[in-house]
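For reference, the structure is listed below as structure tokens.
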Protein chains: 2
Amino acid sequence: MNELMKNKAIPKATAKRLPLYLRYLKMLGDSEVIRIKSKEFSELVQIPSATIRRDFSHVGELGRSGYGYDVPYLIEVFSNILNTQEEKRIALIGCGNLGKALVKNNFRRNENLNIVCAFDTDPEMIGTKIDDVVIQSIDEFQQAVNKEGVTVAISTVPSQYAQNAIDVIVDSGITAILNFAPDRVTVPNNVNVQYIDMTTELQTLIYFDEKFSAKKK
Amino acid sequence: MNELMKNKAIPKATAKRLPLYLRYLKMLGDSEVIRIKSKEFSELVQIPSATIRRDFSHVGELGRSGYGYDVPYLIEVFSNILNTQEEKRIALIGCGNLGKALVKNNFRRNENLNIVCAFDTDPEMIGTKIDDVVIQSIDEFQQAVNKEGVTVAISTVPSQYAQNAIDVIVDSGITAILNFAPDRVTVPNNVNVQYIDMTTELQTLIYFDEKFSAKKK
């Protein structure tokens with residue numbers, strides 16, 4: 001059944017909410033809550049209950065009318081879909097302030113996500129450590145990725161150099177890249193790039209906040 | 001006309017893309033490109049041209065058929081909508097690794113976005129500096145916000161303490177909050193919270209990458 005679920009097509013918007021659902025389900029599980037109704041779950045995660053029911057329906061037959069959802073079962077199903085039992089070994093390129101912060105935090109609430117190697121082009125950084133991770137030259141990327149079994153890369157390289165860094169990542173065979181530089185990079189069709197753009201998020205927030213305040217006046 | 005545009009309702013999905021559009025338009029402007037067709041712009045920003053035309057139509061009458069878009073005019077319109085001429089003064093709560101990185105980077109590509117004060121609860125941090133910014137006690141938040149004219153807050157406080165930090169921000173009268181802790185916080189209706197959850201972005205990326213790789217096999 002797990003294989004079946006893994007091969008079902010889940011819409012992107014739904015898939016984006018699964019990690020949030022799973023986090024809350026685990027919190028409920030830790031508090032020994034064993035079942036929850038979609039309305040209660042909705043209040044907890046602050047997502048409309050209609051959205052939750054629709055999301056859950058994409059995943060499978062997860063609940064019964066009038067009973068709600070079985071928490072341990074949902075945890076099992078969502079963990080399987082997100083494959084959280086399997087370690088993901090991550091390489092980081094760009095060891096500036098943000099890169100250092102990412103290595104130090106190292107997704108500590110998610111044991112399966114591990115930044116195992118870090119790279120930069122700055123000769124003064126190469127050979128120094130961030131916690132236990134030695135910063136290596138970008139020239140050693142391919143070799144290190146093979147040796148460490150890396151399947152995911154994070155780039156914090158600024159936009160003007162990002163394409164070079166992404167090219168090195170793509171050449172290594174990695175197809176999952178999280179990019180903190182907002183400018184779009186060019187990659188082959190089989191490579192997935194996810195952008196995290198803090199400035200855009202902040203600007204959008206400010207835009208809506210100002211619209212909202214204007215309306216209230 | 002600017003006031004008119006500012007009061008027009010722009011869908012959230014469109015508003016989220018405006019900062020990206022503006023960034024590329026400025027790059028074009030810097031290269032002395034004065035007009036561009038939606039198809040060319042689409043290739044540059046990697047967003048379908050139908051989406052771009054629809055987004056632009058929400059903003060106003062921006063282009064002429066067969067001519068394309070006037071770059072300096074678009075820059076003016078989008079800058080006005082996003083109000084990028086006005087300085088936004090930002091307070092940061094939580095001076096761990098990520099907080100430090102944010103203060104040091106300080107949205108340097110956007111001159112109008114400035115983190116002007118930083119707060120923590122750790123007595124060992126209070127009084128120390130991140131670049132030129134002195135870390136203050138959270139007890140001084142309200143006073144500092146008033147003095148500095150802060151209108152936006154960023155919290156990097158971990159989930160377990162985030163609600164306390166958000167409460168302090170809300171009590172100060174700030175209504176725009178960027179929250180790097182993924183767990184949902186409770187705020188009054190007039191307060192806008194934008195979550196940036198790097199772990200969820202990474203998990204979603206890995207999910208789609210694995211689905212995609214499975215399909216190709």
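Just flag the GluC sites (Glu not before Pro) in the range B:30-70 sitting in loop per DSSP whose Cβ has no more than 15 other Cβ atoms within 10 Å. All intermediate terms of the calculation are to be shown ahead of the outcome.
Values: sites: B:GLU32, B:GLU40, B:GLU43, B:GLU61; in loops: B:GLU32, B:GLU61.
Here the sparse-neighbourhood loop sites are B:GLU32, B:GLU61.
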Worksheet entry | Cα-based reach from B:LYS129 at 14 Å (exclusive), listing aspartates and glutamates while leaving out same-chain residues under 8 positions away | B:ASP120
Worksheet item: Within the range A:146-166, what residues put their amide N at less than 18 Å from the label point 7 Å along the Cα-to-Cβ vector of A:GLU140?
Response: A:146-151, A:154
Fill in: Positive-pole candidate from A:PHE78, A:THR175, B:TYR69, dipole of the protein assembly as shown, charges at beta carbon
B:TYR69
Worksheet item: In whole angstrom, how far apart do the alpha carbon centroids of the range B:137-160 and the range A:89-123 sit?
Response: 28 Å
Practice prompt. Taking each label point as 7 Å beyond Cα in the direction of the beta carbon, state the distances from A:PRO11 to the same residue in the other copies, shortest first, in nm.
Written response: 1.3
Worksheet entry | Nearest-to-axis residue of chain B, judged by beta-carbon position, where the axis maps B onto A, in Å | B:ALA101, 2
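In what order do B:PHE208, B:PHE141 fall by count of nearby beta-carbon atoms within 10 Å, going from fewest to most?
Fewest-to-most Cβ neighbours within 10 Å comes out as B:PHE208, B:PHE141.
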Practice prompt. Classify the range B:12-82 as rounded, prolate or oblate, taking a ≥ b ≥ c as the square roots of the eigenvalues of its Cα gyration tensor: rounded when a/c is under 1.5, otherwise prolate if a/b is larger than b/c and oblate if not.
Written response: rounded
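For the protein assembly as shown, just say rounded, prolate or oblate: build the C-alpha gyration tensor, square-root its eigenvalues into a ≥ b ≥ c, call rounded for a/c under 1.5, and beyond that prolate if a/b exceeds b/c, oblate if not. Kindly include the intermediate steps, with their values, before the conclusion.
Numbers: a/c = 1.17, a/b = 1.13, b/c = 1.04.
Because its axes are fairly even, with a/c under 1.5, the protein assembly as shown counts as rounded.
Using a simple charge model, +1 on the beta-carbon of Lys and Arg, -1 on the beta-carbon of Asp and Glu, nothing else, what dipole does chain A show about its Cα centre, in debye to the nearest 20? Each step should come with its number before you reach the end.
Numbers: 26 positive and 27 negative charges, 259 e Å.
For chain A, the charge dipole is close to 1240 debye.
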Worksheet entry | Cα-based equivalent ellipsoid, the range B:88-200: semi-axes from gyration tensor eigenvalues, Å | 19, 16, 15
Discussion item. For B:GLY66, place a label point 7 Å from Cα along the Cα-to-Cβ direction in every copy; what are the distances to the other copies, in nm, shortest first?
Written reply: 6.7
Worksheet entry | Inter-label distance, nm, simple model (7 Å from Cα along the C-beta direction), A:ASP171/A:LYS37 | 6.0 nm
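Between A:ASP132 and A:THR51, what's the calculated FRET efficiency when r is the beta-carbon distance and R0 is 30 Å? Round to 0.05.
Details: r = 41 Å, r/R0 = 1.37.
Efficiency at R0 = 30 Å is approximately 0.15.
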Worksheet item: Which distances, in nm and shortest first, link the A:PRO123 label point to the same label point in every other copy, taking 7 Å along Cα→Cβ?
Response: 4.7
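Within a 10 angstrom radius of each residue's Cβ in B:79-89, how many Cβ atoms of other chains show up on average? Whole number is fine. The partial results should precede the final answer.
Numbers: counts 0, 0, 2, 5, 4, 2, 0, 2, 0, 5, 0.
Mean number of neighbouring Cβ atoms from other chains: 2.
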Worksheet entry | Per-residue Cβ neighbour rank within 10 angstrom, fewest leading, A:SER31, A:SER159 | A:SER31, A:SER159
Worksheet item: Tell me, what is the FRET efficiency for B:ALA13 and A:ALA9 to the nearest 0.05, using R0 = 22 angstrom and their Cβ-Cβ distance as r?
Response: 0.50
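We did not get these values from a lab; they are worked out from the coordinates using the rules stated. Only a predicted model underlies this, so the values are computations on that prediction, with no experimental measurement involved. We place every Cβ from the backbone using ideal geometry, glycine too, and count neighbours over all the protein chains shown.
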